[in-house]
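The values are calculated or read from the model by the stated rules, or taken from the named source; none is laboratory data. As the structure is a prediction and not an experimental result, all values here were calculated from the model. No Cβ is skipped: glycine too gets one built from the backbone with ideal geometry, and neighbour counts run over all protein chains shown.
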Amino acid sequence: MNLTKSSFIIVGLGAALVAGCSWLPAHNDSPTAGAAVIFVNNTLESNDGRSLTDVWAAASAALQELKIPVSMNNKDLKQARLEGADARNQEVVVQLFQRNRFQTAVEITIGTVADTDNRAEAQDILQKMLARH
């Protein structure tokens, strides 16, 4: 790798962090082992090594366990969306997109602001989902 390519990578990573992106490693024993958990503003993005149906069931159960009432729960063959409101009356949206039979993209959005509490709540939801594998 030459110096120019290295400089672009370093500048690109720095720009991503300044723009509100961050990442956290996934649990080692989870279906997402080896995948990153990325925050883009107030949305957690990750992948789950299970089918859309399995991840959707896990998301529904996680929201129920966390006492987040679900006001909308739509699922078709390629995607699912669950919406509700948390105890702080912020919108909670879990979106799932089937990548293939055994890979589902997960997006969890809490409220409209990328603050520490919202990110922690999104991580809690993801951890509850992962506990159901």
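Could you figure out which of (1) of a type outside the set (Asp, Glu); (2) surrounded by fewer than 22 Cβ atoms within 10 Å (Cβ to Cβ); (3) modelled with pLDDT under 95 isn't true of Ser60?
(3)
Out of the residues in segment 101-111 that are of a type outside the set (Asp, Glu) and either at pLDDT 95 or above or buried (at least 16 other Cβ atoms within 10 Å of the Cβ) (or both), which is nearest to Leu52 (Cα to Cα)? Reasoning before the result, please.
Kept after step one, since they are of a type outside the set (Asp, Glu), are these residues of segment 101-111: 101-106, 108-111.
Filter again for either at pLDDT 95 or above or buried (at least 16 other Cβ atoms within 10 Å of the Cβ) (or both), leaving 103-106, 108-111.
Details: Gln103: 7, Thr104: 6, Ala105: 9, Val106: 10, Ile108: 15, Thr109: 18, Ile110: 21, Gly111: 24 Å.
Applying the filter and picking the extreme gives Thr104.
Looking at this structure, is Thr53 of a type in the set (Val, Ile, Thr), over 13 Å from the mean Cα position of the chain (by Cα) and part of a helix (DSSP H, G or I)?
Details: of a type in the set (Val, Ile, Thr): yes; over 13 Å from the mean Cα position of the chain (by Cα): yes; part of a helix (DSSP H, G or I): yes.
Yes.
Please verify whether segment 115-125 includes one or more residues that are of a type in the set (Ser, Thr, Tyr) and either touching a strand residue (DSSP E or B) at 6+ places or on another chain (Cβ under 9 Å) or in a strand (DSSP E or B) (or both). Give the derivation first.
To start, the set of residues in segment 115-125 that are of a type in the set (Ser, Thr, Tyr) comprises 116.
Next, from what is left, pick out any that are either touching a strand residue (DSSP E or B) at 6+ places or on another chain (Cβ under 9 Å) or in a strand (DSSP E or B) (or both): none.
Within segment 115-125, not a single residue is of a type in the set (Ser, Thr, Tyr) and either touching a strand residue (DSSP E or B) at 6+ places or on another chain (Cβ under 9 Å) or in a strand (DSSP E or B) (or both).
Determine whether segment 41-48 contains at least one residue that is of a type outside the set (D, E, K, R), buried (at least 16 other Cβ atoms within 10 Å of the Cβ), part of a loop (DSSP other than H, G, I, E, B) and more than 15 Å from the chain's Cα centre (by Cα).
So in segment 41-48, the residues of a type outside the set (D, E, K, R) come out as 41-44, 46-47.
Then keep just the ones that are buried (at least 16 other Cβ atoms within 10 Å of the Cβ); that gives 42-44, 46-47.
From what is left, the residues that are part of a loop (DSSP other than H, G, I, E, B) are 42.
Next cut, more than 15 Å from the chain's Cα centre (by Cα) only: none.
No: segment 41-48 contains no residue that is of a type outside the set (D, E, K, R), buried (at least 16 other Cβ atoms within 10 Å of the Cβ), part of a loop (DSSP other than H, G, I, E, B) and more than 15 Å from the chain's Cα centre (by Cα).
Could you tell me how many of the residues in segment 61-83 are outside any strand (DSSP E or B) and either at positive phi or more than 14 Å from the chain's Cα centre (by Cα) (or both)?
The initial filter retains those residues of segment 61-83 that are outside any strand (DSSP E or B), namely 61-69, 76-78.
Cutting the leftovers down to either at positive phi or more than 14 Å from the chain's Cα centre (by Cα) (or both) gives us 61, 64-69, 76-78.
So the count comes out to 10.
Over 15 Å from the mean Cα position of the chain (by Cα) and not hydroxyl-bearing (Ser, Thr, Tyr), is that true of Asp86? Can you show your working first?
Numbers: over 15 Å from the mean Cα position of the chain (by Cα): yes; not hydroxyl-bearing (Ser, Thr, Tyr): yes.
In short, yes.
Considering (1) free of Cβ contacts under 8 Å to residues at least 24 places away in the same chain; (2) among the aliphatic types (A, V, I, L, M); (3) closer than 16 Å to Ile38 by Cβ, say which one Ala87 fails and leave the rest.
The one condition Ala87 does not meet is (3).
Please work out which residue is surrounded by the fewest Cβ atoms within 10 Å (Cβ to Cβ), limiting yourself to segment 112-124 and to residues that are under 18 Å from Ala59 (Cβ atoms) and of a type in the set (S, T, N, Q).
Looking at residues that are under 18 Å from Ala59 (Cβ atoms) and of a type in the set (S, T, N, Q), I get Gln123.
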